[in-house]
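The next block holds one structure in the form of structure tokens; read it before the comments.
The values are calculated or read from the model by the stated rules, or taken from the named source; none is laboratory data. Remember, it's a predicted structure, so these values are computed and weren't measured experimentally. A quick note on method: Cβ atoms are made from the backbone with ideal geometry, for glycine too, and the neighbour counts reach across all protein chains shown. Only protein heavy atoms, including side chains, enter the accessible area calculation; ligands, DNA and RNA are left aside. Shrake-Rupley method; radii C 1.70, N 1.55, O 1.52, S 1.80 Å.
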Amino acid sequence: MARLTLSLSLLLLVLFNGYHLPAALGSEGCRLPAMRSDQRPDAGGPPTEITVGILIADVTAINDVEQTISGDFVVRMSWIDPRLADQAGCRFPLARVWEPRLELLNSSQLDAKRKFQRDQVEIKAGGRVHYHQRFFGAISTYHNLENFPFDPQTFSLQLTSSEYDAEEISFKIDNKFTRVANRTNIPDWTMGKTAAAVEEMDFAGLERTRPIFTLKIDASRNTSFYVYKVMVPLSLIVMMSWSVFWINPVQFGPQIGLSATAMLTLIAFQFALTGILPKLSYFTIMDKLLLGSTVLVFFSMVESVTTINLVSREREDLAVRLDKVCRWLFPLAFTLFWAAVIFLVA
């Protein structure tokens, strides 16, 4: 009974997972020839040409602070191995044939539990070997945020071989496969065009030159969120501080109270933004707008204190004139400052 149960279990395993079995085990015509998997085709001859393409199947997150891009990436590689020329249509385990062993140069934090890598290669006519690798996770990619949130970015992914140098392998771009999927799962960015390039790089300490496959992805940030959720409320808080210029300086209670309220509201608003703004060591456009707005609100409070002091010294006429000047001076300063930061700096 135990043997029967074991036999049925093995049969079901084969039926449901048969597509994982190499064709060499189930087809009379697919017999892997005697070959060394650690020896490239035509060893000692010209470099083996590896056709490489990367499909950005999905982008799930772009982290401005950690400088990473997370998503679903598919790498397709192909090369010609004359030793497999008579095995067209067959599949073999990856470990049984030669492969270039490409790796990402970007520092990566791939989730090993979700990583999926096919363990088979497919042989086409003429001994052309096809291999796909798909993985999920976060990949490091530097992007400058000085113009945040009006900052289009270009993200780079780089592939190279962990074992073979430029004298042993070379790269060719698979333009048909290299692209970004039509739809990506990231609402705050719009993914644009891709551009692939092949170059050679000298690695310090290794004294070896290796081929590098570089994929650049253009992306633009959707700024509407920051306009409606940050910039518009920030403008309203600053404008609220100007209302003190229309209050008679004799009524110093409401005037100083409104100035203090505007200042406290702005401070609370900035605390609320800590979760959505990148924490950087340099100033972005958004940081400049916040700092300039804070200075304007502070100076409106200083103006209130000044007019109150003038009234206490029986110089009410001067206090009223100062208020009238500030009614147009502060809006003008606010408009010029924001225009300079957004349009000139950007």
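Relative to the present Cα-Cα distance, how much length would full extension add between residue 31 and residue 85 at 0.36 nm per residue of separation? Please list the in-between numbers first.
Values: separation 54, 0.36 × 54 = 19.44 nm, distance 1.19 nm.
So the chain would gain 18.3 nm between residue 31 and residue 85.
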Which of the peptides 226-235, 303-312 is most tightly packed, and how do the rest follow, judged by the mean count of other Cβ atoms within 10 Å per residue? 303-312, 226-235
Bin all alpha-carbon pair distances of region 117-218 at 5 Å intervals from 0 and give each bin's fraction as a whole percent. 2, 9, 14, 20, 19, 15, 10, 6, 3, 1, 0
Report the dimensions of region 179-229 along its three principal axes from the alpha-carbon atoms, largest first, rounded to Å. 53, 24, 14
Stick to Cα atoms and the Kirkwood definition of Rh, then tell me Rg/Rh for region 149-297. 1.26
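Just the Kirkwood number for region 218-325, please: inverse of mean 1/r across all distinct Cα pairs, in Å, one decimal. Before the final figure, lay out the partial values.
Values: mean 1/r = 0.0651 Å⁻¹.
So the Kirkwood estimate lands at 15.4 Å.
Express the C-alpha Rg of region 171-259 as a ratio against the empirical globular expectation 2.2 N^0.38 Å, rounded to two decimals.
2.25
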With every protein chain in place, the chain: carbon and sulfur % of accessible area (1.4 Å): 58
Where Cα atoms sit under 21 Å apart: lysine pairs in the chain separated by 8 or more or lying on different chains: 10
For residue 50, distant residues with modelled amide H under 5 Å away: 170, 171, 172
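Accessible area per residue for region 239-346 in Å², computed with a 1.4 Å probe and the full protein assembly in place, what is it?
Accessible area per residue, region 239-346: 56 Å².
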Would you kindly enumerate the cysteines in the chain that have no other Cys beta-carbon under 4.7 Å from their beta-carbon? 326
For all pairs of alpha-carbon atoms in region 266-335, what percent lies in each bin of width 10 Å, listed from the first bin to the last filled one? 17, 37, 25, 15, 6
Under a point spin-label approximation (7 Å from Cα along Cα-to-Cβ), what is the residue 228-residue 147 distance to one decimal in nm? 2.4
Taking all pairs of distinct alpha-carbon atoms in region 38-180, Kirkwood radius in angstrom: 16.7
Of 322, 277, 159, which is the most mobile in a GNM of the chain whose springs link Cα atoms less than 10 angstrom apart? 322
Computed from these coordinates, which is Cα Rg over 2.2 N^0.38 Å: [x] 0.93; [y] 1.58; [z] 1.17? [y]
Describe numerically, in nm with one decimal, the distance between label points set 7 Å from Cα along Cα→Cβ at residue 250 and at residue 339. 3.8
Answer in debye to the nearest 20: the dipole magnitude of the chain about its Cα centre, from +1 Lys/Arg and -1 Asp/Glu charges placed on Cβ, is 880
The chain: DSSP helices with Cα axial extent of at least 27 Å and average Kyte-Doolittle hydropathy no lower than -0.5: 252-272, 285-312, 316-339
Hits in region 227-261: amide N under 14 Å from the 7 Å Cα→Cβ extension of residue 320, namely 246-251
For region 122-136, just list the computed ³J(HN,Hα) in residue order, Karplus coefficients 6.51, -1.76 and 1.60, θ = phi - 60°, integers in Hz, with x standing in for Gly and Pro. 10, 9, 9, 4, x, x, 6, 9, 10, 9, 10, 10, 10, 8, 10
Taking Cα pairs under 8 Å and at least six residues apart, what relative contact order does the chain come out at, in percent? 15
